[in-house]
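K.L.:
Below: one structure in structure tokens.
Quick note: the coordinates plus some simple rules give every number you see, no bench work behind them. All of these numbers come straight from a predicted model, not from anything done at the bench. Here the Cβ is made from the backbone with ideal geometry for all residues, glycine too, and neighbour counts use every protein chain on show.
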Amino acid sequence: MKNIEIKIAGKPISAQPGETIVHALWAVGMAESVQTGCAGGVCGACTVTVRYADGKPGGTELACMKPVEEGMEVFPCPVEPDKAVEPVINPDALTLQSVFPTVNRCTKCGSCTTACPMSIPVMDSVMRMQQGDFDAVAEDFTTCIHCGLCRFVCEDKVKPHNMGLWVRRSLGKSQPELQMADEDLNLIEKEWQHLMTDDKQERIQRAKTFREKGSQ
Ligand code: SF4
Ligand code: SF4
Ligand code: FES
């Protein structure tokens, strides 16, 4: 089948019809142009925006799932990681406001909902966060892949998905059967510190050993 041409951040590359954007990049040695994690539409690492040559509306896509199209232009959206906020037991609206003061900055522009590749009603969920309707928020964010695009597009720096994740984790932590004894938490912390060593090769080796042995 005849190859087609697509552009990655303005650079033309040749691609095979039917393959995904990520596979097209791998084939031409440009794997690092777009971040990847799962390569299966789950993790959100490969989020990009696309524009089409025929003028049909573009938008956000997962590059590991999106098939290439003639003349398609692809723009990587690197979203900086953000520091995790510790979840709490029995969260309420006031606690959320104290750890995420950004929740009240929302101007209801709707950009986050438009950007979300998982069709999550992000803006409505931010309203629910303000009201403390956390069961509904947890439901809203069930399919969130943490691509970070809702944070990326938010002019008011509201951080919707960080808050959604915090709500889900806090509700989980509030389940009595999931509350862990201090010694178990200490062991987990110790194992985590062991695995998160700064040296990349050493980190990979430790993770491999841990997976094989089930302990350090
Ligand atoms: S993009 Fe930001 S300001 Fe706009 S609706 Fe979403 S959270 Fe609110
Ligand atoms: S809610 Fe935000 S982080 Fe989650 S999938 Fe949608 S855009 Fe990505
Ligand atoms: S690499 Fe995980 S969603 Fe694409």
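K.L.:
Neighbouring Cβ atoms within 10 Å as the yardstick, rank 215, 125 fewest first.
P.N.:
Details: 215 9, 125 26.
Least to most surrounded, the residues fall as 215, 125.
K.L.:
Mind checking the full-extension length gain between residue 75 and residue 189? Use 0.36 nm per residue of separation minus the Cα-Cα distance, one decimal, nm.
P.N.:
Values: separation 114, 0.36 × 114 = 41.04 nm, distance 3.81 nm.
Value of the extension gain: 37.2 nm.
K.L.:
Rank 65, 95, 107 by how far each Cα sits towards the positive end of the charge dipole of the range 58-107 (+1 on Lys, Arg Cβ; -1 on Asp, Glu Cβ) and give me just the farthest.
P.N.:
95
K.L.:
Same structure, new question: Less than 15 Å Cβ to Cβ from residue 73, Lys/Arg counted +1 and Asp/Glu -1: what total charge do the surrounding residues give?
P.N.:
Numbers: positive: 7, 11, 51, 56, 66; negative: 5, 54, 61, 69, 70.
Here the count lands on 0.
K.L.:
Need the list of lysines near residue 200 for cross-linking: C-alpha distance under 19 angstrom, and skip anything on the same chain fewer than eight residues off.
P.N.:
Straight-distance partners of residue 200: 190, 208.
K.L.:
Please return the longest range in the chain lying between exposed loop sites, taking trypsin sites (Lys or Arg not before Pro), DSSP loop only, at most 15 other beta-carbon atoms within 10 Å, and leaving the sites out.
P.N.:
Working: sites that count: 2, 83, 108, 157.
Maximal segment without exposed cleavage sites: 3-82.
K.L.:
For the chain, what is the calculated [θ] at 222 nm in deg cm²/dmol (nearest 500), taking -39500 (n - 2.57) for each run of four or more DSSP H residues and dividing by its residue count?
P.N.:
Details: 9 runs with 83 residues, N = 216.
Per the formula, -11000 deg cm²/dmol.
K.L.:
With unit charges on the beta carbon (Lys/Arg positive, Asp/Glu negative), name the residue among 85, 136, 120 whose Cα is farthest towards the positive pole of the charge dipole of the range 63-177.
P.N.:
Of the options given, the answer is 85.
K.L.:
Between residue 38 and residue 212, what is 0.36 nm times their sequence separation minus the Cα-Cα distance? Round to one decimal in nm. If you can, show how the numbers build up before the last one.
P.N.:
Numbers: separation 174, 0.36 × 174 = 62.64 nm, distance 2.08 nm.
Length difference between fully extended and current span is 60.6 nm.
K.L.:
In whole angstrom, and with the biggest value first, how far do the Cα coordinates of the range 56-200 range along each principal axis?
P.N.:
The principal-axis extents, from largest down, are 58, 43, 24 Å.
K.L.:
For the range 137-147, take each phi angle, set θ = phi - 60°, evaluate the Karplus expression 6.51 cos²θ - 1.76 cosθ + 1.60, and give the result in whole Hz per residue in order, putting x for glycine and proline.
P.N.:
Using θ = phi - 60°, the values come out as 4, 4, 5, 4, 8, 4, 9, 5, 9, 6, 6 Hz.
K.L.:
Next question. Can you list the residues, at least 5 places off or on another chain, whose amide H is less than 5 Å from the amide H of residue 47, using H built in the peptide plane?
P.N.:
63
K.L.:
Something else now. Rounded to the nearest 20 Debye, what is the dipole magnitude of the range 4-76 about its Cα centre when Lys and Arg each give +1 and Asp and Glu each give -1 at the C-beta? Mind showing how you got there, number by number?
P.N.:
Values: 5 positive and 8 negative charges, 28 e Å.
About 140 debye.
K.L.:
Which length gain, in nm to one decimal place, applies between residue 28 and residue 179 when the Cα-Cα distance is subtracted from 0.36 nm times their residue separation?
P.N.:
Numbers: separation 151, 0.36 × 151 = 54.36 nm, distance 4.89 nm.
Length difference between fully extended and current span is 49.5 nm.
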